[in-house]
Amino acid sequence: MIIDFVLNGKKVRLNSKPERRLVDILRDRYSISSITGDCYRGSCGNCMVLLQGRPVPSCLVLAANIRNKEIMTLEGFRNTDEYRDIEGGFEEAGVKLCEPVKPALILLVHDLIQREENPEQSEIRNIFRSIETRCGGESTLFRAIHLAAYFRRSRNGS
Amino acid sequence: MDEIAYRKQYKKKLFTAVTVRSPVARGRLRSIDSGSLPTGYRLITAADIPGKNRLTVFQSHMPVLAKDILSYRGMPLGLLVGNDEEELSTAAERIHIDAVPAEPRFLAATPGPATKESDYRISYGDMDFQKQQAVQVLEERISTPPQEHYYPEPHSAFALRKGREIEVHTYSRWPYHVKTTVAEVLGINPEQVSIQIKDEQTVLDGKVWSSSLVAAHAALAAWLTGKPVLLRYNRQEDFLYTSKRAPVSAQLRTHLSAEGYITAREIDISCDAGAFPLFEEEMLERICLGAVGQHYCPAMNLTGRIVTTNKPPMNAFEGLGTSQGLFISEVHGGRAAYMSEQDPYEWKKRHIKPDIEEEVPRFYREAEAVLPALESVVDRSDYRRKHAAYEMRRKRRSSLSKTIDMSRGIGLSTGYQGNGFIGRKEVKLSKTVRVSMDTAGNLSISTSSISEALQSYWKEMAARTLDISPEQVHFTSPATSTVPDTGPSILARNLTVTSRLLKQCFDAIKKRRFREALPIEIQRSYRLPPKHAWNHESFEGYPFPQSAWGASVVEVEVDSISFELTIRGIWLMISGGVVINRRRLVSSLEEGIRSALGWSYHEILSRGKAPDEGDWHRYHLLPPAATPPVYIDFLEDGNRSTIKGISQLPYSTIPPAFAVAVSQATGLDFDSLPITSERLKELEESS
Amino acid sequence: MAAEQRMVSFFSPADLTELIQLYSRHPSAVLFAGGTWLLGREQKKIPVLGEQVINIGGIDELTRIHRTERFLEIGAAAPLSLLLEQAKRVLPVCLYRCLTSIGTPAIRNLAGLGGNLSNPEYRMDSFPVLFALEAQVELIGPEGSRRLPIPRLIDSENNLRLKPGELIQRILIPVESFTEELYWKHEHNFWMPETHLSVTAVARMEKGTISEARLVFSAFRRLVMRHRELEAELVGRVPPLSQRETEYLYQELDSFFQAAGPIPRELDRRMLILKALDFLSNLGSEATIPVPGRY
Ligand SMILES: Cc1cc2nc3c(=O)[nH]c(=O)nc-3n(C[C@H](O)[C@H](O)[C@H](O)COP(=O)(O)OP(=O)(O)OC[C@H]3O[C@@H](n4cnc5c(N)ncnc54)[C@H](O)[C@@H]3O)c2cc1C
């Protein structure tokens, strides 16, 4: 099956079995290394990507679902100003993230502060439900996310 | 592991290995038949191993691939190697394993074949006399469940054969153990093996030997096929078949005087090590010492043993057993205080620092160091007032009522973290570091201790001692070909052993650098201080090279209808040497608290059967921020220069405080973890 | 081997008409909406879904959310997050609470109500809530469309009552306002349905008396129970309920659960009953009248 889609801003054409999971396609065909296919049940968060701008676990998306859609992985997101807000927040707070949870946390934080300029604790807590990890202490994580929101607001001039 | 980088580098030449596993929990392997394989593919079995088919930790072994005896479901018995993942999984499905099953044994509580050399005994005091002083006896069984490590990444290894030599990349806390294992399995000289280690950025006492097995598999496949081989478990495979925190079960009898003092204790402990006990000596001793705990007791009889069952190895976890042991002694202590109708805080204090004439064994005397943390945590959490108030409410309530109500409880617990191996085991380990200064005054540090977290501390220590800039300090990349063996980076040895050795090197360079021409190279090895003596049977001396102390309070609320548990507050007070990076330390303690709470009420792992997919479905971690903010603070312990390992303290102090709190809230007694609302319902229904 | 030869026909119809044609030609095909259930429980690297799969996720007619005077109309494949964001102000409180408890934010970016209602094995979370709200499903198939009240979507054997080639197009929720709403769910985690219990309750008060009350209970993601006679008996009562009333209701519900479920464990029954009684007793006691859009 031939599938056209946009990956990190570039139009690409894929020939794949329709029932292959997006996580494997991204890793095997496009050498996307930020994500891993760890749990295949949508709970660990290690394969998070943006699908049409919204975070989804790419293990629950099939090749057939991405036709004419936009996919952004952490690799692509790294080149944006939005990423720098979050990176800044994480650095300032001194968060040391384990590599595998990075895509989930960064993309979920982006999605949150995109929707809520000044997210509440409960909303932040909510995004943690999309990841499964023993890494990351909550005090630094909360601080990092509030800082990221602050950087985003400052950049947007509000 | 950067799998994609390997794929990019080796393209179609990169081979992948899949582990072929035993379908039965116990039995005999008759044959493995791969059918016809695609060209170039190969099934490797025990018969192909050129060296010894074993992985050794101290004096214990397990086979690298099962030959005929199958000891747990999922036990590796072959490696299927090929270069196309899809073809490989199809070929793996086709493999036919002929095994004769036998009746498996899953529970350690029933007596069974104990590994003799691991039996452990502590005995002191006049048992008969002390028993006579007692007016009541508290007898109970308390056990602790297994726990999954849930490493940031599942186990993986990459191996590359270069003629007569082999290079292996993996995550491990003990690079030289990987090296010796690979050499032994391939039947080659250790000089022919080089290991490159990756840092996973978290404390992982569990990966102390399990990475060596995966590395040996990858190395074996690369050695026999001549191809670069990548072996990577998926999360489910890692969950089902790699080692877990060892479950423990203890039978306790505590004799109490009329005033509520412990006069004597009899403890019998079994630790379920799964199919292969490795590291069992250290583990068992730590469990037993934890079960002795910090409450003074004039006479003690303790027996402990390791029991094997037909489950995957149950083994090292943060602290190698201290948390299991302390859970047992703290929960039991809480119950003893309750039985003697005393305020748990007062009871605890009187047992930690007994007001008596006769000589108290040093093990208990050292524990007095926990008192400042205890007092401080009680203060901060307003423990005494809350405890009294909840106790009053509890007495008024007959059982959980028929109206919607919240009941509250608060629990208190103390604990320690013994840094470094217990006495004699440290002697068996290599522990060497090397530091050199070049002509430009740049310093290069070589150690196999993996700790990104400590590197900046060591850098600063070097810069301060030698009056150079931290930018001039470098670390040699952690490969066994370039760094000396500093032993396993577990049990906070990086702090106790490595830090001390580095300090000695820096001091030596400082002395010599202006007297001798540069470059200078210094190598130092650790020797046990002579005063360090410990005899467990007579309970004399002190087991740990160094200890840190902690006390916790946990406050809970239980919905009397749904039995839903809410944590209202957590306080942790630590007395453990100097604090170098407070924010980072707090963050890592919070990680520990989350895992400890997961073990206490969230993570469900059955232990009475072979692992299956249902276990994997049910097992979930507690998400970050599922509990309220935690109050953590550090006390000066007067020793301004020592830094100590404290990361285990949440594991050792939070679960018992939690269990005691839920007991107060519900009036129910627990004999195990996790305490889920489901478990509360069962207990209530049967009470 | 089966694994090698497996060939899957995967259809991605462009619109509803094409979908209906395709589905009536392949009535045994698997409908793939958000795919979160289909792929989440199937943990193989290459999922085994069926020989024919029809992707309905991207079909415009199935993702629209629309409000008329009488109904809130929700496309079966509209992602839950879209629904929560677009219809936040008009969603009934109990439904909002239920939806925010489903999966995780990332799962809700894919999952929809259609997939939630038409699970072949389990009665998923929105089922009892939509039942309490007396919502309807609009089905579409080769013979045109028809509407069914939620409970009629399943038969007495707990199987879906969809005809060959028929699927859920929309979910229609009547626009109504209630004085008080409750959604309460209890489970250890989603993958342990044996621990699942929920209570949905809505009620209307007039001058201090109950003018309407609906109570829907679910257990183990298998049983969904509503006691209509009891609901009728509640009308005209004045909260807070007296001791005698409460005891009567307790007994009534308890025997109902023993018979209807059955729910064997007393504590499970007690949990459901007390949550409902608590709701009824507190009716009108405080000025906690829910305002749509504020949760
Ligand atoms: C990590 C995780 C957590 C979850 N937590 C929850 C939870 O808390 N509560 C809960 O209820 N569910 C939960 N789920 C299950 C699932 O996500 C939801 O039930 C979701 O609503 C399913 O919707 P979907 O669009 O993804 O359905 P799909 O997976 O696409 O389909 C589900 C079933 O419905 C059928 N179907 C789909 N659309 C239609 C239609 N329009 N007409 C007829 N049949 C149709 C499909 O053929 C399939 O049999 C969870 C899943 C995961 C992976």
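Each residue of chain B gets 165 Å³ once the volume of the Cα convex hull is shared out per residue.
Peptide A:89-99 has a mean of 3 when you count, residue by residue, the C-beta atoms of other protein chains within 10 Å of its C-beta.
Computed over the range A:2-76, the P(r) curve from all C-alpha pair distances, binned at 5 Å from the origin, holds 4, 19, 31, 30, 14, 2 percent per bin. Sequence-distant contacts, meaning Cα pairs under 8 Å at least 6 residues apart, place the relative contact order of chain C at 15 percent. Computed across the range A:109-148, the Kirkwood radius stands at 10.5 Å (inverse of mean 1/r, all Cα pairs). For the range B:129-159, the residues whose backbone nitrogen is under 18 Å from a point 7 Å from the Cα of B:N301, taken along Cα to Cβ, are B:129-141.
Counting every C-alpha pair in the range C:112-235, the share spaced more than 20 angstrom apart comes to 47%. Starting from the Cα of B:K503, draw a straight line to each of the aspartates and glutamates and keep only those under 20 Å, dropping any in the same chain fewer than 8 residues away. Candidates past the 8-residue exclusion: B:E426, B:D438, B:E452, B:E460, B:D467, B:E471, B:D485, B:E516, B:E521.
The GluC sites (Glu not before Pro) of the range B:536-590 that meet both conditions, a loop assignment by DSSP and at most 13 other Cβ atoms within 10 Å of the site Cβ, are B:E537. In this simple spin-label model, placing a label point 7 Å from the Cα along the Cα-to-Cβ direction at both B:S606 and A:T80 gives a separation of 4.4 nm. Among B:658-669, B:354-365, sorting by the average number of other beta carbon atoms lying within 10 angstrom of each residue, highest first, gives B:658-669, B:354-365. Anyone know which of A:I71, A:I32, A:I86 comes out most mobile in the 10 Å Cα GNM of chain A? Residue with maximal mean-square fluctuation among A:I71, A:I32, A:I86: A:I32. Taking A:V12, A:V109, A:V101 as the candidate residues, the one with maximal mean-square fluctuation in a Gaussian network model of chain A, Cα springs under 10 Å, is A:V12. Each of B:K13, C:K185, B:K67 has some number of other Cβ atoms within 10 Å of its Cβ, and from fewest to most they run B:K13, B:K67, C:K185. When only alpha carbons of the range C:180-281 are considered, Rg and Dmax amount to 13.5, 44 Å.
Give me the lysines in straight-line cross-link reach of B:K13: C-alpha distance below 18 Å, same-chain residues under 8 apart excluded. Within reach: B:K162, B:K227.
For chain A, lysine pairs with C-alpha atoms less than 30 angstrom apart, excluding pairs fewer than eight positions apart on the same chain, total 7. Of the trypsin sites (Lys or Arg not before Pro) in the range B:128-201, the ones in a loop by DSSP (not H, G, I, E or B) with at most 15 other beta carbons within 10 Å are B:R164.
Computed from Cα atoms alone, the Kirkwood hydrodynamic radius reported for chain A is 15.9 Å.
Summing charges over neighbours of A:L14, with a neighbour being any other residue whose Cβ is under 10 Å away from its Cβ, gives +3 when K and R count +1 and D and E count -1. With the biggest extent put first, the Cα atoms of the range B:429-581 measure 77, 43, 29 Å across the principal axes. Straight-line reach from B:K52: taking Cα to Cα under 18 Å and skipping same-chain neighbours fewer than 8 places apart, the lysines in range are B:K67, B:K179. Computed over the range C:60-173, the percent of Cα pairs more than 19 Å apart is 40. Find out how many positive minus negative residues lie around B:D343, taking Lys and Arg as positive, Asp and Glu as negative, among other residues whose Cβ is under 11 Å from that of B:D343. Taking every other residue near B:D343 into account, the sum is +1.
About the centre of its Cα atoms, chain B shows a dipole size close to 1540 debye [charges on the beta carbon of Lys, Arg (+1) and Asp, Glu (-1) only; nearest 20 debye]. With a 10 Å cut-off around each Cβ of C:40-48, the average count of Cβ atoms from other chains is 6. In a fully extended conformation the segment linking B:A626 and B:D84 would gain 191.0 nm over its present Cα-Cα distance, using 0.36 nm per residue. Residues in the range C:120-139 near a label at C:E176, defined as backbone nitrogen under 15 Å from the 7 Å Cα→Cβ point? The answer is C:128-137. For the range B:10-94, how big is the tail of P(r) above 18 Å, as a whole percent of Cα pairs? Of all Cα-Cα pairs in the range B:10-94, 48 percent lie more than 18 Å apart. Peptide B:614-621 has a mean shielding of 5, counted as Cβ atoms of other protein chains within 10 Å of each residue's Cβ.
Based on Cα contacts under 8 Å between residues 6+ apart, the range A:2-76 shows a relative contact order of 41 percent. Per residue, the convex hull spanned by the Cα atoms of chain C measures out at 142 cubic angstrom. Values of log10 I(q)/I(0) for the range B:136-225 across q = 0.17, 0.22, 0.24 Å⁻¹ run -0.67, -0.99, -1.12, by the Debye formula with one identical scatterer at each alpha carbon and no solvent.
Taking every C-alpha pair closer than 8 Å and separated by at least 6 residues, the mean separation divided by the residue count of chain B gives a relative contact order of 15 percent. Ranked by the mean number of other Cβ atoms within 10 Å per residue, highest first, peptides B:268-278, C:200-210 order as B:268-278, C:200-210.
Principal axis extents of the Cα atoms in the range B:22-146, from largest to smallest and rounded to whole angstrom, are 78, 28, 26. Dipole of the protein assembly as shown (Lys/Arg Cβ +1, Asp/Glu Cβ -1, origin at the Cα centre): which of A:Q52, C:P128, B:V660 lies farthest to the positive side? The listed residue farthest towards the positive side: A:Q52. Relative to the Cα centre, the charge distribution of the range B:475-634, modelled as +1 at Lys and Arg Cβ and -1 at Asp and Glu Cβ, gives a dipole magnitude of about 1320 debye. Cross-linked pairs B:K207/B:K428; C:K207/C:K275; B:K12/B:K311: Cα-Cα separations exceed 26 Å for B:K12/B:K311.
For the range C:9-55, the calculated P(r) over all alpha carbon pairs, in 5 Å bins from 0 to the bin holding the longest distance, is 5, 22, 30, 22, 12, 7, 1 percent.
Within the protein assembly as shown, the ratio Rg/Rh, alpha carbon atoms throughout and Rh by Kirkwood, equals 0.97.
Here the ratio of the Cα radius of gyration of the range A:81-156 to 2.2 N^0.38 Å is 0.97. For the pair the range B:329-365 and the range A:13-33, the centres of their Cα atoms are 62 angstrom apart.
Every number in this text was worked out from the coordinates using simple rules, so none of it is lab data. All of these numbers come straight from a predicted model, not from anything done at the bench. Because the Cβ atoms are built from the backbone with ideal geometry, glycine has one as well, and the counts that use them run over all protein chains shown.
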